[in-house]
Structures are given as C-alpha cells and as structure tokens.
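Shown next, in structure tokens, is the structure this report addresses.
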Amino acid sequence: MLPPKLRTIMAMLLILHDQVVPTSQFIDEIWLGDPPVTVVATMQTYIYQLRKLLGIGESGHEQGIALLTEPSGYQLQVAPECIDVPVFERCFQAGQKAFADGDYARAANSLESALSLWRSQALADVQKGPFLESYAAHLEETKIQVTELRIDAYLQLGRNLDAIRELKSLIINQPLHEGLHSKLMLALHRSGRRHEALAVFGRLRRSLVDELGIEPSPPVQRLHRALLAADPSLDLPAVRAAEDVLTAPTVVAVPAQIPADIPDFIGRDFVLGRLEQTFLQNGRKQAPPMVSITGMAGVGKSALAVRLAHRVRQRFPDGQFFAALRRNGAAVDPSDVLADHLHAIGFAHSQIPAALESRSQLFCSWCADRRVLIVLDDAMSEEQVRPLLPGSPQCAVIMTNRSPLYGISGLRTFEINPLAEDDAIELLGMIVGRRWSGPERKAARSIVDYCENLPLAVRAVGARLARPASPSLDRWVASLEYGRRRIEELCSGTFDMWTRLEQSYLELDDSARAVLLLLGRHAPARFGVDEIARWFQIDSFELERMLSTLVDARLLLVDADGAGETRYTLLSMIRAFALERFTAELGEHGEGVDAADGTVDDDWDEPTVPLAPPPRQLALMRPSPSH
C-alpha cells in the first residue's frame, strides 16, 4: 500500500487525469497551506517514488500510463476507462437516459454496473484536504442518487423484493429520509404486505415527531391515505409488469462470443503489448479504436486476435461479439453477420429489418451507449467490414485479414511474421508433449524450418507427431525435404496449409496468378523487379503492380536492402505450392518441371528467346521453351 502522502498525490492525479495539477494545489492539499521549506524537493521525491512504484520512467508509458513533469506541476495520462470514477459517471448517465426513455431494464443494468464499482466510502483510505473532502462528498451524494434511481427502476419493473431488500438496509442509516420510506411503503404494498407498509409509515411519523417535532410531508401523507384506501392506482406498474411477462422477449445474457483462449499460445509478446496499448490510449478519441492484424496464411493472426480479445475483454462489459467473415473460402454476407449479432442481443426475427443498411444502423444504435468489443476474423474486403463497425468511441474492433484494408479510416494495421525459430520449436514440443535436446532438437529445428516457422504448419506436423504410431523425427525431416510432398504433410484436420494458400491464390486476378506460377518455376528465392522484368520482357512498372498484388495477398514477402532497392522473397513452401499449380494448370505444357524438392538454384539462367509482354491467358505467360 502507498504511504499516506503518496496516496493523496495519486488520488489528485487520478481525479484530474489528463490535466496538469499545479504544484501549489498539491501543497495546499497535503500541508494545508503551511508547507516545509524543502517542499519543492519533497514533491519531486514523492513523484520519483510514485513513478518507481508505477514502473514508469520520466515520461515513458507503461501499459498506457504516463506521469509527466510540466513547468507548473504534474500530469497523469491514463485512459478514463482505467479509472473507476469516469466509468461510474458514464454508467450513471446511461442509466438516467434509459430511465427517461422508459427502458427500465437497461436503466437498472447500467445503474447496477455503476454501483458495483463501490467497495467502501469514497477515498476512504486517503488523507484528505479541502479539495479531496469536497470531491468525496460529491461522490457520496452521487452514489445516493444512483441508488435511489436504481430502486425506482426496480419498482417500475415489478422487482419489489429487490427494492425492499435495498430500502430496508438504507433506512437503518437514514431513519428520517422520507423518500426512502415512501419507496419502501410502495414496494411492500405491491408485494401484498400492506400491513408492513402501514407500519413503516407509523415508525417514520414517530421518528419525525420525536426528533424534529414535525409531521410527515404532504406527499408521504397522501401515500399513507392511498394505502389505507387500497387505491388501485398504486398497483398499475405491478399490473403492467405482470402483463409484460406474457409478451416480453426471452431475456438474453450479455453476448460473450470470444472463442476460448489458446493454452499453448507462444511468442508475440512485443506486438501483443503494442496492440493492447492501442485500447488503453483511446481516452480522448471520438472514434472507436480499431486494429487490423495482417499476415500470410497460417501465420497465427486469429490466435493472436483471440489472445488480445481475452486480454481486453473486461473493458467491454456490455458485450463481446465474434464473427468469422470467410466460410469455405467464400465471403460471409455482412447482412447475415448483423442478423446474428441482433439475435444475440435479444431482437426477435420480426424486429430485424431486411436491408443491410437498416440492420447496420440498428446495431450501431444499440452499441451507441455501450462498451462493446467486436472481433472480425479473416475479413476479405472493406465493403464486407464497413457495415459491421460501431460508431461509439466506447466500442472497439479487432480484425484479422490477409490483405490490408487501406480504405478504412482510423484502422491501425499490425503486420505479424512467422514465429522466431526457438518459439516454433517450443510450440512443436508443447503440442507433442516433449522437450528435445541434442540430435532430436536439431531434427525438430529442421522440421520447423521446413514449416517456415508458421504456427499453422507447425501445429499440423505436431498433431501428426503426437499420434502413437508416428514416425521418428528424422523420418519426418526426410518426408519434408521434398517440396511437393511437404504441402501434403502439412495438413492435419483443420490445420491445412494447402487450403489456406489456395484461398489466397484463387482471390488473385489472372495476371497475378500467372506471375506467381512463373516465379515458383523459375525465380530465385530472393530477387528484384528489374531482373525479373528483363527476363519476362515485361514493363517493370506493370510487373511491380502485379508483385504488389502478391505482397498484399501475403504470397510474397518484401524488404529493402541497404541501397534502398526493393527485394522480394518467395518462401519455399509457397514455391512448392506454385509448382503444383503450375503443373495442374498448364497440363502437358508443364512437362519438364523437375524441381521436385521445390527449390531453384540462385544462379538461374535467363532464357535465350525474349518473352512476349504479359497477355491475359495463363498459358501464354510461361517462358519460351526454346532454350
């Protein structure tokens, strides 16, 4: 626990978060205007101690927190959703709005969320000066307002027993509060306990007369007379609640659709920290934080998205939605996704509009005052994604996609690469249930190298290695040496590298497909645009456009060498896939494809006869056989 003065400083920084708190205000609060001579040095020491306890540097961030030194004082930068008070106030405002709109169930939920943040009195363990005393009193008064409004919502919903339990507890501490007594009388009457309701009035009247020498107020006396007369108007909300039970939709729990976390998830610590920080730093933004996780097929985008969703889900208590946007290789209709979301939050089929735009607007309206997390897995296009995005800054979106979606404003893209080699070996061992050393570890290293350190490929091999009759590691290394056989071996159940690569391939246009097949057949592992353009006899700008398409599909990797020249890398696994497609699509024209191991010598020769410019048909895109 922090020392007393540090607790006072921390309380002020949190209350005035994202504002510069003048040093003079700290002095007035802590020393009540009578500071020691060394007060400036003392304050600097306290701030240093606070930074050390928070684990942050002079201006550095840690989990979205920064404590900055300004000329006039200090500023704590932290997302409002990390602090109880802003969350409490936001829930209170949502409850007030819902109550005013007549949505009493939603009002009760929001107000319950607000009160769930309280553990004791406001700033109970903080030494308070005038500022904190005033602020604590304000919070306590707001808490009373929230409590009373929640009881009113209970009464409107016919939840009389909940209201009675709450009110009896409150009246013990506030025996002269007429409003609470009136609510208790009404709740008891509606529960069929009119005699108890009349007894409550009697006790209140005696307390007021004995303590203050006054009679109950006119509203309380009118309620008493209505109880004595069994006035039917007192029962109307209860009757309405009983009628609503017959027609109300089935109560739906808060959607929590995020798939189970992956127990053998490994690596990605750095990018996971950066992704999580995106959600922590959204304090003043007017749009929801949206992140896109991109990378080639099998690199582990979905696993990372699920891990991130579990890390941040507590910040979105009003619902977490998950949608797979690709099914059997085809794009899922966003209208169907929205229908599923609306069903999950309680809308009946008859209440869901037919048009995509109307469904999108309805879902956005529902999200407007809520904190909702939406995970969109394997997004295929901007047109598919846009109708699914919320507009409220309290919401957030995590999406995965192979090709970047550059046209979505505000989307932060995070590219992930294959695992580090040691992480890939450890993942293989976790799946198989073994740790390797010596020659076995060397063989395991060869296996993950053939898998290009791709988690999906490693999982496919691991699933097969875990079988009781599985061959030895050396036999597996031998079976993976040959490129074409390798693709077959990297398939086990849902871990299917061929299908993932084929999906990416089939989404290409004809020219890009042709270039990929020719690269797989003839190009070295690493190459530049100009050397391939000379060989293809294709305009370098046109070729660069097609190579860019392959990069966006994550079938080709790109990097820049020291001279700034763009170089492209074709992974051996993708080359093996391209060789298979080359033979399948060219048929008899594909004879002579003898690179059975999926490799090509880097000292490749240019053909002696120039190749014609790239036509539309694949068969005409292959190099001349004259050499």
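Brief remarks on what is shown
- Computed extension length for ARG313-ASP261: 17.5 nm, one decimal, from 0.36 nm per residue of separation with the Cα-Cα distance subtracted.
- Taking 0.36 nm per residue of sequence separation and removing the Cα-Cα distance, the SER217/ARG327 pair yields an extension gain of 32.9 nm.
- Neighbourhood net charge (13 Å Cβ-Cβ; Lys/Arg +1, Asp/Glu -1) for VAL551: 0
- Cα-projected label distance for HIS349 with ARG545, points at 7 Å along beta-carbon direction, nm: 4.8 nm
- Amide H partners (placed H, <5 Å) of ASP318, local residues excluded: ARG371
- Here ARG203 and LYS52 are evaluated by their C-beta separation; at R0 = 45 Å the FRET efficiency comes out at 0.20.
- Sorted fewest first by neighbouring Cβ atoms within 10 angstrom, LYS52, LYS97, LYS183 come out as LYS52, LYS97, LYS183.
- Estimated inter-spin distance, SER403 and ASP125, nm [label 7 Å along Cα→Cβ]: 5.5 nm
- Residue list for region 402-419, given a label point 7 angstrom along the Cα-to-Cβ vector of ASP559 and an amide N cut-off under 12 Å: 418
- Built amide H within the under 5 Å cut-off of GLU415, gap 5+: THR294
- Across region 332-341, rounded Karplus estimates of 3J(HN,Hα) from the backbone phi angles (6.51 cos²θ - 1.76 cosθ + 1.60, θ = phi - 60°) give 7, 5, x, 5, 5, 4, 5, 4, 4, 4 Hz, Gly and Pro being marked x.
- From the alpha carbon centroid of region 301-341 to that of region 358-376 is 13 Å.
- Put in order of Cβ neighbour count within 10 Å, fewest first, the listed residues GLU452, GLU531, GLU276 become GLU531, GLU276, GLU452.
- Amide H contacts of ILE374 (H built 1.01 Å from N, in plane; Pro and chain starts excluded): PHE321, ALA396, VAL397, ILE398 sit under 5 Å, all sequence-distant by 5 or more or on other chains.
- Coil-residue trypsin sites (Lys or Arg not before Pro) of region 327-436, DSSP, other Cβ within 10 Å capped at 16: ARG434, ARG435
- Computed FRET value (nearest 0.05) for THR499 with ASP336, which takes r as the C-beta separation and R₀ as 22 Å: 0.50
- For chymotrypsin sites (Phe, Trp or Tyr not before Pro), the sites in region 359-428 that DSSP calls loop and that have at most 16 other Cβ atoms within 10 Å are TYR406.
- Potential extension, GLU133-TRP118 segment - 0.36 nm per residue separation minus Cα distance: 3.7 nm
- With θ taken as phi - 60° and the Karplus curve 6.51 cos²θ - 1.76 cosθ + 1.60 applied, the whole-hertz 3J(HN,Hα) list for region 431-441 is 5, 6, x, 9, 10, 10, 8, x, x, 5, 5 Hz, x standing for glycine and proline.
No lab work stands behind these numbers, since they all come straight from the coordinates. Remember, it's a predicted structure, so these values are computed and weren't measured experimentally. Using ideal geometry, Cβ is built from the backbone for each residue, glycine included, and neighbour counts are taken over all protein chains shown.
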